[in-house]
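Read-outs throughout are calculated quantities, based only on the coordinates presented, and are distinct from any laboratory measurement. As the structure is a computational prediction, the values presented were derived from the model and not from experiment. Note that each Cβ is placed from the backbone with ideal geometry, even for glycine, and that neighbours are counted across all protein chains shown.
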Amino acid sequence: MALERTFSIIKPDATRRNLTGKINAKFEEAGLRIVAQKRIQMTMAQAGEFYSVHAERPFYGELCEFMVSEPVVVQVLEGENAITRNREIMGATNPADAAPGTIRAEFAESVGENSVHGSDAPETAAVEIAYFFSGLELVG
Ligand code: CDP
Ligand code: MG
């Protein structure tokens, strides 16, 4: 077991429906600790760069438009195996496939508007955390 940090976003469909507290309760109840957090209005440039791995996918334009449509909450979660654990708590990308009790099963509206982002590996977690937070803003 390893103490890890992972990057999380509460997406616009969830901030719009006032679900930030309910979503973060899921993380905290599962033992993940929020060690950095801010609510921001993402810019198109930030969204495009953040999701650049998907630039060739057909949903990329719509995804970027969605991410700037309302404020988001960017945050860093810390805990044992936080990267994998966060993905388990989030559930599958498509809420139709998400296990009962997961955030996406309970709150997501569609495969695109699916309430949360979570890093998928240690390398991406490190890059994504550094994209939005300085070291001084991580207070474990
Ligand atoms: O977010 P996750 O890592 O589970 O999924 P992804 O495959 O990395 O895709 C990133 C995001 O693109 C998803 O969370 C969706 O918001 C969006 N997406 C979409 O709109 N349509 C798809 N068919 C797949 C992903
Ligand atoms: Mg992903």
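Observations on the structure shown:
- Evaluation of Asn114 against (1) more than 11 Å from ligand 1 (Cβ to nearest atom); (2) polar (S, T, N, Q); (3) out of contact with any strand residue (DSSP E or B) (no Cβ under 8 Å at 6 or more places or on another chain); (4) within 15 Å of Thr15 (Cβ to Cβ) (one fails), failing number: (1)
- Against the conditions (1) within 13 Å of the chain's Cα centre (by Cα); (2) over 25 Å from Glu123 (Cβ atoms), Glu109 satisfies every one except (1).
- When residues in region 121-137 are screened for being more than 14 Å from ligand 2 (Cβ to nearest atom) and among the hydrophobic types (A, V, I, L, M, F, W, C), 6 of them pass.
- Matching option when the condition is of a type in the set (Asp, Glu) and either farther than 21 Å from Ile40 by Cα or in contact with a Ser or Thr (Cβ under 8 Å, 6 or more places away or on another chain) (or both), among Glu113, Glu123, Glu137: Glu123
- Filter result for Gly61 (within 20 Å of Gly140 (Cα to Cα) and out of contact with any helix residue (DSSP H, G or I) (no Cβ under 9 Å at 6 or more places or on another chain)): no
- Qualifying residue in region 68-82 (condition: farther than 16 Å from Gly112 by Cβ and within 12 Å of ligand 1 (Cβ to nearest atom)): no
- Candidate set from region 85-103 (those that are within 8 Å of ligand 1 (Cβ to nearest atom) and not hydrophobic (A, V, I, L, M, F, W, C)); member that is farthest from Val73 (Cα to Cα): Asn94
- Residue check, Gly118 within 16 Å of ligand 2 (Cβ to nearest atom), buried (at least 21 other Cβ atoms within 10 Å of the Cβ) and of a type in the set (Gly, Ala, Ser): yes
- Number of the condition not met by Tyr131 [criteria: (1) away from ligand 1 (no atom under 13 Å from the Cβ); (2) in contact (Cβ under 8 Å) with a residue 60 or more places away in the chain; (3) more than 22 Å from Glu49 (Cβ to Cβ)]: (3)
- For region 97-115, a residue qualifies if it is aliphatic (A, V, I, L, M) and either surrounded by 14 or more Cβ atoms within 10 Å (Cβ to Cβ) or touching a residue at least 12 places away in the same chain (Cβ under 8 Å) (or both), and the qualifying residues are Ala98, Ile103, Ala105, Ala108, Val111.
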